[in-house]
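The values are calculated or read from the model by the stated rules, or taken from the named source; none is laboratory data. Here the structure is a predicted model, which is why all the values come from computation and not from measurement. Quick reminder, even Gly has a Cβ in these numbers, built from the backbone with ideal geometry, and neighbours come from all protein chains shown.
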Amino acid sequence: MFELIYMFDRCQLQFSAMAVLMYIFIYLFFNRQFAVILFIIFIIELASGIAAYVLKDKIHKQLIEEAHTVIKEYPKDKKAVDDLQKKLQCCGAENYTDWFGNTKWANSTAPNTSVPDSCCKLVPATKVPPHGCGQKISKDTIYMEGCVKKVENIIKKNVLIIGGVAIGIGFAQIIGILFACLLMKGIKHDYEVM
């Protein structure tokens, strides 16, 4: 009978030791994976930031090209373009003349030297542009400045906030990597002491 109890205790001890070893292995493995994944994400974010800074002129040109493409396809994304022009109080990609010659959006009554009504300045009393105002182009009736410049100005105004948030996230990731490495080292050290 005592031999049976002894064998049972010995098996239980072996299973307990195996469970502890498995737990330590899994914990170290996943902790290491966590640190590696955080490091990879940090490197990707750093590379993206550097690429955006280095390629800022190319990004500007690409933004203008895309804006011109959207203007040429205007009825397709009418609501988005109109909302952008109204909200930012702008017209066209670089300026209001980007709309000239675009016959896809103009109807038979709108000449090729007109702009959509979303380029029009709002009437203060109604806060709505007058219908057909895009056909009467003057500094008093439409916004002359292009939307790309407005978007770039918004980004420039907020670049410190964007940069601060990015640095804060990067700092938090570095702290996470350090803590993961310290935890791995502590677990490894405690395991070696056993």
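Residues that are more than 26 Å from residue 173 (Cα to Cα) and among the aliphatic types (A, V, I, L, M) within the stretch 43-95 comprise 59, 63, 64, 67, 70, 71, 80, 81, 84, 88, 93, listed in sequence order.
Restricting the stretch 34-45 to residues that are within 16 Å of the chain's Cα centre (by Cα) and surrounded by 13 or more Cβ atoms within 10 Å (Cβ to Cβ), the residue that is nearest to residue 146 (Cα to Cα) is 45.
Exactly one residue among 45, 66 is in a helix (DSSP H, G or I), modelled with pLDDT of 85 or more and either acidic (Asp, Glu) or under 30 Å from residue 131 (Cα atoms) (or both), and that residue is 66. Among residues of the stretch 168-190 that are within 22 Å of residue 45 (Cβ to Cβ) and in a helix (DSSP H, G or I), those with a Cβ under 7 angstrom from a residue that is of a type in the set (S, T, N, Q) and at pLDDT below 80, sequence gap 6+ or separate chain, pair up as 180/31.
Every residue in the stretch 85-111 that is modelled with pLDDT under 70, exposed (fewer than 14 other Cβ atoms within 10 Å of the Cβ) and under 15 Å from residue 72 (Cα atoms), please.
103, 104, 107
From the residues in the stretch 113-172 that are more than 30 Å from the chain's Cα centre (by Cα) and small (Gly, Ala, Ser), which one is modelled with the lowest pLDDT? Only one residue tops the list, namely 125.
For the stretch 29-38, the condition holds for no residue, the condition being that it is part of a loop (DSSP other than H, G, I, E, B), out of contact with any Leu (no Cβ under 7 Å at 6 or more places or on another chain) and at pLDDT 70 or above. Quick one: would you say residue 59 is over 16 Å from the mean Cα position of the chain (by Cα) and among the aliphatic types (A, V, I, L, M)? No, not satisfied.
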